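What follows is a set of notes on a single structure, which appears directly below.
The values are calculated or read from the model by the stated rules, or taken from the named source; none is laboratory data. Please read all numbers here as calculations on a predicted model, not as lab measurements. All Cβ positions, even for glycine, are placed from backbone atoms using ideal geometry, and neighbour counts span all protein chains on display.
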Amino acid sequence: MILEFRGDFDGGRLRRTLPDNERLADSNRLLDLQQLVLYETSAAELDIIRDISRTFPSHVFFQQRHGPGQRALYNILKAYSVYDRDVGYVQGMGFLAGLLLLYMSEEDAFWLLVALLKGAVHAPMEGLYLVGLPLVQQYLFQFERLVKELVPKVGAHFEEEMINPSMYASQWFITVFSYSFPFSLALRIWDVFLYEGVKIVFRLGIALLQYCQDDLVKLPFEKLVHALRNFPEEALQPDVLLPLAYNVKVDAFHTEVSLNRYRRFLSTLSKFFLCLFHERIYSSCSVAYC
């Protein structure tokens, strides 16, 4: 569980939502959450309201329409869309905010969301939600290279069937596995994520493919897409999946090499084809939450 995790981080404990010296120590930090919600307008308000009921719909805290859980989630998402208008609101952010809300107050959940997106804890996450989803594109490109290197049989089969990570892995990165995975697993993942950052997402993705590779390499395109969005229950047991993930070697060399390849890849695309590439990624991410 998130609040049960113990580990040193800049002299503090990860169970603390945001140490004072990590809170963005500028005048913006003095903004009151209620001020952002009550006295500011956001272009994303209707989108947030539409998506509230889709966020952890089976969890009792968020089930009641306009209940305390949904109101708190709305407040955080609207406040962030006002606080950072460059990012605003994007589908998927609600799962991050919702998970944090289950273990802390509205204000603490809001400021931890700020810290995660702005990089006060690990590498900034805001690129996952900016226009064009640039960080999602980068991570998917890197993940595809890791699949080919670390799970070569699966990578070769994916290439033969024309399967790319945007078809199944976008929401892994956008929601840090909190969208469609069992809640007990998501909490364990977040314990590690808050400690070591996005590396655990790459490790878990590879571990899932390794665990299921004997079945995946036998499937044609349609069944393959379905299988990648509906992993078997035994593969999603925390005590089964997490030890496998910890043994996946994703080091700085892997990520730096794939990042350099990604930059070269982008440099070879014309502006027209780059826009189509962005649109394909954004469309695949949006479909995942419908």
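Below is a table of values for the structure above.
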item: Residue match in the stretch 179-198 (condition: touching a Ser or Thr at 6+ places or on another chain (Cβ under 6 Å) and within 23 Å of R54 (Cβ to Cβ)); result: yes
item: Residue identified as at pLDDT below 95 and within 18 Å of N247 (Cβ to Cβ) among E107, E196, E126; result: E196
item: Single condition L33 does not satisfy, out of (1) buried (at least 16 other Cβ atoms within 10 Å of the Cβ); (2) closer than 23 Å to W172 by Cα; (3) not aromatic (F, W, Y); result: (2)
item: Failed item, numbered, when P220 is tested on (1) within 25 Å of Q138 (Cα to Cα); (2) modelled with pLDDT of 95 or more; result: (1)
item: Residue satisfying condition, being of a type in the set (S, T, N, Q) and farther than 22 Å from T55 by Cβ, within set Q210, Q171; result: Q210
item: Qualifying helices (runs of 4 or more DSSP H) (wholly inside the stretch 118-225; at least 1 residues being of a type outside the set (G, A, S), surrounded by fewer than 21 Cβ atoms within 10 Å (Cβ to Cβ) and touching a residue at least 40 places away in the same chain (Cβ under 8 Å)); result: 134-150, 152-161, 183-196, 199-216
item: Of all residues in the stretch 65-88 being over 23 Å from the mean Cα position of the chain (by Cα) and farther than 19 Å from L100 by Cβ, the one that is surrounded by the fewest Cβ atoms within 10 Å (Cβ to Cβ); result: R65
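One line per residue, one yes/no per condition, for (1) assigned by TED's automatic domain parsing to the domain that holds Y179; (2) modelled with pLDDT of 90 or more; (3) of a type in the set (V, I, T):
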{"position": "I2", "(1), (2), (3)": "no, no, yes"}
{"position": "R6", "(1), (2), (3)": "no, no, no"}
{"position": "G12", "(1), (2), (3)": "no, no, no"}
{"position": "I52", "(1), (2), (3)": "no, yes, yes"}
{"position": "H59", "(1), (2), (3)": "no, yes, no"}
{"position": "Q64", "(1), (2), (3)": "no, yes, no"}
{"position": "V87", "(1), (2), (3)": "no, yes, yes"}
{"position": "L102", "(1), (2), (3)": "no, yes, no"}
{"position": "A115", "(1), (2), (3)": "no, yes, no"}
